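Step one of this worksheet: look at the structure below.
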Amino acid sequence: MKKKSSPFGFARAQESPGFLLWQTTMLWQRLIKKALEPHGISHAQFVIMATLLWFELQKKSTTQIDIIDWSKLDKMTVSKSLKKLVALKLVNRMEHQTDSRAKSVSLTSTGKKLVKQLIPLVEGVDARFFGKTSKQDQGMLLKIFQKFLL
């Protein structure tokens with residue numbers, strides 16, 4: 001129950017879904033960062049590379065806008081991350097064949113090899129982190145997350 005003198009909508013921080021989501025996200029992101037650090041790749045860079053591989057496996061060419069829409073990363077993060085990935089020779093970024101305003105993005109063979117190595121690491125972190133809950137709870141959590149993305 002909320003105290004009348006408090007500006008907060010909750011008597012205890014643990015009653016705030018936003019605060020709990022923040023804490024959970026921070027813990028999960030820390031674990032992902034730790035797993036990726038030895039490979040010199042940030043979490044955002046990994047997400048971009050994994051997105052590129054996912055789209056390639058779906059036989060879909062990818063633009064920078066596709067990455068932004070799919071990953072929910074902001075434009076600046078995608079732009080800076082792509083510049084770094086291009087400099088590392090993990091990603092190709094070139095003018096789109098039919099839209100001069102768009103950039104086509106794809107993994108290099110080195111990038112593809114690296115992201116295929118990193119995916120099991122990240123999925124292992126996910127399995128350990130979310131494995132603290134039952135399979136039923138994980139299924140419910142997926143349904144809840146999907147509602148936020150509609």
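Selection of segment 98-119 for residues being assigned to a loop (DSSP other than H, G, I, E, B) and touching a strand residue (DSSP E or B) at 6+ places or on another chain (Cβ under 7 Å) yields A102, T108. Scanning segment 110-126 for residues that are more than 16 Å from the chain's Cα centre (by Cα) and among the hydrophobic types (A, V, I, L, M, F, W, C) gives a single hit, L114. Of the candidates V78, V125, V115, V105, the single residue that is touching a helix residue (DSSP H, G or I) at 6+ places or on another chain (Cβ under 7 Å), more than 24 Å from W28 (Cβ to Cβ) and of a type in the set (V, I, T) is V105. In the set (1) assigned to a helix (DSSP H, G or I); (2) touching a helix residue (DSSP H, G or I) at 6+ places or on another chain (Cβ under 8 Å), the condition left unmet by R93 is number (1).
None of I41, I32 is in a loop (DSSP other than H, G, I, E, B), of a type outside the set (S, T, Y) and either closer than 24 Å to I119 by Cα or under 21 Å from the mean Cα position of the chain (by Cα) (or both) except I41. Note on segment 53-79: residues that are outside any loop (DSSP other than H, G, I, E, B) and loosely packed, with under 14 Cβ neighbours inside 10 Å total 4.
Taking the criterion of being modelled with pLDDT of 95 or more and among the charged types (D, E, K, R), the residues of segment 1-51 that qualify are R30, K33, K34, E37.
Tallying residues that are loosely packed, with under 11 Cβ neighbours inside 10 Å and either hydroxyl-bearing (S, T, Y) or not in a helix (DSSP H, G or I) (or both) within segment 132-145 yields 2. Annotation note: Cβ proximity below 8 Å between a residue of segment 30-59 that is charged (D, E, K, R) and a residue that is surrounded by 14 or more Cβ atoms within 10 Å (Cβ to Cβ) and not in a helix (DSSP H, G or I) (sequence gap 6+ or interchain) occurs for K33/S42; E56/T62; E56/S106; E56/L107. Applying a threshold of 6 Å to beta carbon distances and a minimum spacing of six or more residues, or different chains, the list of pairs starting in segment 7-25 at a residue that is over 21 Å from F129 (Cβ atoms) and ending at one that is surrounded by 12 or more Cβ atoms within 10 Å (Cβ to Cβ) and polar (S, T, N, Q) reads F10/S16.
The values are calculated or read from the model by the stated rules, or taken from the named source; none is laboratory data. Predicted, not measured: the structure shown is a model, and the values here were computed from it. Backbone-built Cβ (ideal geometry, glycine too); neighbour counts: all protein chains shown.
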